[in-house]
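Report on one structure; see the data block that follows.
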Amino acid sequence: MKSILLLPLLLSLSAFAYANPQVEKFIQRLVETQGFDAGELREVLAKAHKRQDIIDRMNKPAERTLNWGQYSKIFLTDKRANQGIEFWKRNQQALRRAEETFGVPPQFVVAIIGVETFYGRITGKDKVLDALYTLAFHYPKRSKFFTSELEKFLVLAKEEKLDPAKPMGSYAGAMGLGQFMPSSYLAYAVDFDGDGKRDIWNNETDAIGSVANYFARHGWEKGLPVTAEFDSVPENPKKYLEAGVKPSFTLGELRKAGMVVEPGLDDALETALIRLETDQGEEYWAALKNFYVITRYNHSELYAMAVYQLSERIRDLFADKG
């Protein structure tokens, strides 16, 4: 009788696998390279749902391109800064230890979590399994990337003893307070409170340690500045702007080219030049090494500047109120 009752489930899992040869190939690869059990993988992936709404959101073009003035208004608000102070206050010990361990000042960790998820209030409402399954097998233009992320998600679920069908995240599969993709989770997430789990969803201590570790592993330089605004630049700084956000000049070189920046900054500091558009005109900034590290979290100059300026506001408020 028991075998008869199991027959429909076995048939459904078999039909699921062979209905999509790409999925079966994926399963066999994980069996061979990661030591998974094929039957267990089929059972897990049978719970995943193709989500057309996720594909639609990936395909939907941005309604408009924001300049810095417009973008900054989203993140540099009193509410986000004040709630950053509350986050800092209740996590002072973890933030202090993260700075001691990784060299990253508290305000930057707080600002990242504030920009990414408003301190855990907006972490995503989609099942990570659904999102990654959909984008791996039903979104050809980025299938390679999301297939890799799905593999890493299944690996981390196995390592952390998580039910893969339960974790929630963004429609692109980013997870937790710091919005780590599975590959970033495996590479940078840490068990910062020592309870045997790397819980970036609900554990603020683990999230803090993980963000700080991410910065440190990407080359954060303790005690060095992040950016500074130029007071003036030559009329045509095109060759410096076209070099990109990765530091490839020294401040001394830019000063010799006629750019004026805070005199207290060392000529030897490596930097890039970035231009931000505002409703009032253009701003030019030195994107130093630590600014570049912030862009490794999100490859947007606007994002990195929002994190930096929010961190400055939070630091100043904490000094006043802390």
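A few comments on the model shown:
- Take the conditions (1) of a type in the set (D, E, K, R); (2) surrounded by 15 or more Cβ atoms within 10 Å (Cβ to Cβ); (3) out of contact with any helix residue (DSSP H, G or I) (no Cβ under 9 Å at 6 or more places or on another chain); Glu242 misses just one of them, which is (2).
- Filter pass, Arg64 being modelled with pLDDT under 95 and more than 30 Å from Leu150 (Cα to Cα): yes
Residues are listed down the side, and each one gets a yes or a no for (1) out of contact with any helix residue (DSSP H, G or I) (no Cβ under 8 Å at 6 or more places or on another chain); (2) closer than 21 Å to Val109 by Cα; (3) surrounded by 20 or more Cβ atoms within 10 Å (Cβ to Cβ); (4) among the charged types (D, E, K, R):
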residue: Leu251; (1), (2), (3), (4): yes, no, yes, no
residue: Arg255; (1), (2), (3), (4): yes, no, no, yes
residue: Glu270; (1), (2), (3), (4): no, no, no, yes
residue: Leu273; (1), (2), (3), (4): no, no, yes, no
residue: Glu277; (1), (2), (3), (4): no, no, no, yes
residue: Thr295; (1), (2), (3), (4): no, yes, yes, no
residue: His299; (1), (2), (3), (4): yes, yes, no, no
residue: Tyr303; (1), (2), (3), (4): no, yes, no, no
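- Taking helices (runs of 4 or more DSSP H) as the structural unit, those lying wholly within the range 47-125 and holding at least 2 residues that are farther than 23 Å from Ile200 by Cβ correspond to 52-59, 68-75, 78-90.
Every residue, every condition in (1) within 15 Å of the chain's Cα centre (by Cα); (2) more than 13 Å from Asp130 (Cα to Cα), yes or no:
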residue: Glu160; (1), (2): no, yes
residue: Ala165; (1), (2): no, no
residue: Phe180; (1), (2): yes, yes
residue: Ala189; (1), (2): yes, yes
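- When restricted to residues that are touching a residue at least 40 places away in the same chain (Cβ under 8 Å) and over 20 Å from the mean Cα position of the chain (by Cα), the range 69-79 contains 2.
- Residue within the range 174-195 that is under 17 Å from Arg51 (Cβ atoms) and without any contact (Cβ under 8 Å) to a residue 60 or more places away in the chain present: yes
- Asp199 being assigned to a loop (DSSP other than H, G, I, E, B) and either acidic (Asp, Glu) or under 30 Å from Gly124 (Cβ atoms) (or both): yes
- Selection count, the range 184-194, where residues are assigned to a loop (DSSP other than H, G, I, E, B) and within 12 Å of Glu160 (Cα to Cα): 3
- First in the range 80-91 and in contact (Cβ under 8 Å) with a residue 40 or more places away in the chain and within 14 Å of Phe108 (Cα to Cα), second anywhere and surrounded by 18 or more Cβ atoms within 10 Å (Cβ to Cβ) and of a type in the set (Ser, Thr, Tyr), Cβ under 8 Å, 6 or more apart: Gly84/Tyr119; Phe87/Tyr119; Asn91/Thr205
- Which listed residue is touching a helix residue (DSSP H, G or I) at 6+ places or on another chain (Cβ under 8 Å), surrounded by fewer than 20 Cβ atoms within 10 Å (Cβ to Cβ) and farther than 22 Å from Val211 by Cα, from Leu135, Leu66, Leu129, Leu76: Leu66
- Asp37 falls short on exactly one of the conditions (1) more than 21 Å from Ser143 (Cα to Cα); (2) modelled with pLDDT under 80; (3) surrounded by 10 or more Cβ atoms within 10 Å (Cβ to Cβ), and that condition is (2).
- Taken over the range 31-46, residues that are under 19 Å from Ser148 (Cβ atoms) and either of a type outside the set (Gly, Ala, Ser) or outside any loop (DSSP other than H, G, I, E, B) (or both) amount to 8.
- Reported count of residues in the range 138-168, each being at positive phi and either assigned to a helix (DSSP H, G or I) or among the small types (Gly, Ala, Ser) (or both), is 0.
The values are calculated or read from the model by the stated rules, or taken from the named source; none is laboratory data. Quantities reported herein were computed from a predicted structural model and do not represent experimental measurements. Ideal geometry is used to build each Cβ from the backbone, glycine not excepted, and the neighbour counts take in all protein chains shown.
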